[in-house]
Amino acid sequence: KLNHHASCAACRPCGMRPFHSTGKTGVPASAGPSGRFPTSGGLIKMSKAVVFFAEGTEECEALLVVDLLRRAKVEVLVASASGSRGILSSHKVHITADALAEEVDYSDVDLVVLPGGIPGTPNLAANKTVTDTCAAFAKAGKKVAAICAAPSVLAALGLLEGKNATAHAAFQDKLAGA
C-alpha cells in the first residue's frame, strides 16, 4: 500500500491530491487502462516493484526509492543492469543487487524504476533488458518511473510522447515528445 495523500504530511508538499477508490480526484493519466490505480480504502495497492541499478547509479535516487517502497510494504527487487550483482554507485558506494536484470521474472511486477546518475543513466540505457522491460511495461499500461537524468532513457524509447515529464536541468533537452 502506498501514499495515502489525504492525510500524509510528507506528501502534501508535492501538490498531489488524494487518490480515492471512487476515482473522483487526483488520478493521473498514467494510472493504467482503467484510468485508476487499484485502491483499498483510499490507499494505492502495489505488490511488487523492480528498481534497476547500474554502475554509476546515483545512490540517493536509487536507495531512497527502495527504502520508501519497502516501508510501504511493497516487495522490492533491486536488479543490476551491469552484468554483476556488485555495483559501484556514482559516489563510490558498493551496493549488492538482489538479482541481475536478465534473471528477473517481470510477470508479477507492477512498477519498474530507473534512478538517475552519471554514468548510471547511460548504463541503464545500454542494457537491453532494461529498455525492453520499460517498453513492454508502457505498452501494457504498467507503471514506469524515472528520476533525474533517467527520463532521457524513456524519451529515447519514445515512451514520453504526448506526456508531461521532467528531468534534471541538463537533460531537459533530451525529453523529446514530452
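Just so you know, all these numbers are worked out from the coordinates, no wet-lab data involved. Source: prediction; values computed, not measured. Here Cβ is always computed from backbone atoms with ideal geometry, including for glycine, and neighbour counts include all displayed protein chains.
Some points to look at:
- Of Lys142/Lys163; Lys92/Lys143; Lys73/Lys142; Lys73/Lys163, pairs whose Cα-Cα distance is over 21 Å: Lys92/Lys143; Lys73/Lys163
- Ordering of 147-156, 60-69 by burial proxy (mean other Cβ atoms within 10 Å per residue, highest first): 147-156, 60-69
- Hydrodynamic radius of region 83-139 per Kirkwood, over alpha carbon pairs, in Å: 12.4
- Its Kirkwood hydrodynamic radius, worked out from the mean inverse distance over all distinct Cα pairs, puts region 70-178 at 14.4 Å.
- Taking amide H atoms as placed 1.01 Å from N in the peptide plane, the amide H of Ala146 lies under 5 Å from those of Leu114, each 5 or more residues away in sequence or on another chain.
- Straight-line cross-link partners of Lys48 among the aspartates and glutamates, defined as a Cα under 18 Å from its Cα and at least 8 positions apart when in the same chain: Asp67, Glu75, Asp98, Glu102, Glu103, Asp105, Asp108, Asp110.
- Estimated inter-spin distance, Thr96 and Ser84, nm [label 7 Å along Cα→Cβ]: 1.4
- 5 angstrom amide H check on Leu100, placed H, neighbours 5+ away: Ser80
- When +1 charges are put on Lys and Arg Cβ atoms and -1 charges on Asp and Glu Cβ atoms, the dipole computed for region 78-178 relative to its Cα centre reaches about 280 debye.
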